[in-house]
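Peer 1: If you scroll down you'll find the structure; I have some questions about it.
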Amino acid sequence: MTSPALRRLALDDAEDVLAGFTADPEMERQGEVKDLESAQTYIRFLTNAEEGNHGFAVDVSDRCAGVVGINGATRHKLGWFFYWMHPDFRGQGLTASAAAAVANWALSSRDSGGGGFERLELGHRVNNPTSGAVAQAAGFIHEGTERKKFLVNGERIDVFTYGRLATDPVPETSPLGLKAP
Ligand SMILES: CC(C)(COP(=O)(O)OP(=O)(O)OC[C@H]1O[C@@H](n2cnc3c(N)ncnc32)[C@H](O)[C@@H]1OP(=O)(O)O)[C@@H](O)C(=O)NCCC(=O)NCCS
């Protein structure tokens, strides 16, 4: 078995992306992926680099086990950062090391082969502490709380917001290898 690694997401990953979305009801908050066609639409959106979007597959034995992505606002060199992992691959520190690698890449200058972003941000519901642990492992700093932001099962839930700047320290988390970004 080859070691897990990061590579660019591709249309061929649609079946694995669909599997990730259908394996966990929590995934409905990650986007509208219900069938192969919507999985391809999701991948096309995430691979539209002209819009500042970047999607990376966490590749485990040629399977896309999870995704780390960035939706860019190119004018501001700002990116919205997110991640998900298929339940079969969770709890191994894979998302943490994948998120660290993608954030390190994204905040490096284009001259050095990086993404050229100057700020990344993300948010997670307060009742999703694993996501906060991933954010911190990837060098994100807790910036605040958006009170009662989401309506989940009839209850309003606070969201913790995080940011990482190009000038913030690179985290100690061992980053997953990133193939030719
Ligand atoms: C959140 C999610 C991506 C985590 O994936 P994962 O592969 O299990 O994450 P990791 O194995 O890398 O674990 C990350 C860290 O969380 C820690 N952790 C696990 N449960 C925790 C808890 N309840 N509280 C605090 N930390 C916790 C782990 O110890 C690990 O830290 P370590 O690497 O220092 O050991 C995954 O559960 C998922 O896809 N959820 C659905 C989508 C989602 O919520 N995405 C985030 C939206 S912002």
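Peer 1: Filter the trypsin sites (Lys or Arg not before Pro) in the stretch 1-52 to those in DSSP coil with at most 12 other Cβ atoms within 10 Å of their Cβ, and list the result.
Peer 2: K34
Peer 1: Please list 66-73, 122-129 highest first by mean number of surrounding beta-carbon atoms within 10 Å per residue.
Peer 2: 66-73, 122-129
Peer 1: Here's a follow-up. Going by average Cβ neighbours within 10 Å, how do the peptides 138-151, 14-27, 78-91 rank, with the highest at the top?
Peer 2: Ranked from most to least packed, the peptides come out as 78-91, 14-27, 138-151.
Peer 1: Can you give me the accessible area per residue for the chain, using a 1.4 Å probe, in Å²?
Peer 2: 53 Å²
Peer 1: Also: Return the distance in nm (one decimal) between the two label points of a simple spin-label model at S112 and A166, each offset 7 Å from Cα along Cα→Cβ.
Peer 2: Label at S112, label at A166, 1.0 nm between them.
Peer 1: So for each of 104-110, 156-162 I average, over its residues, the number of other beta carbons within 10 Å; can you give me the resulting order with the highest mean first?
Peer 2: By packing density, highest mean first, the sequence is 104-110, 156-162.
Peer 1: Run lengths n ≥ 4 of DSSP H only: what is the helix-derived mean residue ellipticity at 222 nm for the chain, with -39500 (n - 2.57) per run over all residues, to the nearest 500?
Peer 2: Taken over the chain, the calculation gives -7000 deg cm²/dmol.
Peer 1: For the stretch 5-165, what does the relative contact order come out to in percent, with C-alpha contacts under 8 Å and a separation of six or more?
Peer 2: Here the relative contact order equals 16 percent.
Peer 1: Here's something else I'd like to know. Under a crude label model (7 Å from the Cα following the beta-carbon direction), how far is S61 from K34 in nanometres?
Peer 2: 3.3 nm
Peer 1: Sticking with this structure for a sec: Would you mind telling me the share, in percent, of accessible area of the chain contributed by carbon and sulfur at probe 1.4 angstrom?
Peer 2: Heavy-atom surface of the chain belonging to carbon and sulfur, 1.4 Å probe: 49 percent.
Peer 1: Got the relative contact order for the stretch 72-181 handy, in percent, Cα pairs under 8 Å and 6 or more residues apart?
Peer 2: In percent, rounded to a whole number, it is 29.
Peer 1: To continue, here is another question. I need the Debye-formula profile for the chain: one equal scatterer per C-alpha, no solvent, reported as log10 I(q)/I(0) at q = 0.08, 0.11, 0.17 1/Å, two decimals.
Peer 2: -0.23, -0.44, -1.12
The values are calculated or read from the model by the stated rules, or taken from the named source; none is laboratory data. Keep in mind the model is a prediction, meaning the values are calculated, not measured. Quick reminder, even Gly has a Cβ in these numbers, built from the backbone with ideal geometry, and neighbours come from all protein chains shown. Surface accessibility is based on the protein's heavy atoms, side chains included, excluding ligands, DNA and RNA. Shrake-Rupley method; radii C 1.70, N 1.55, O 1.52, S 1.80 Å.
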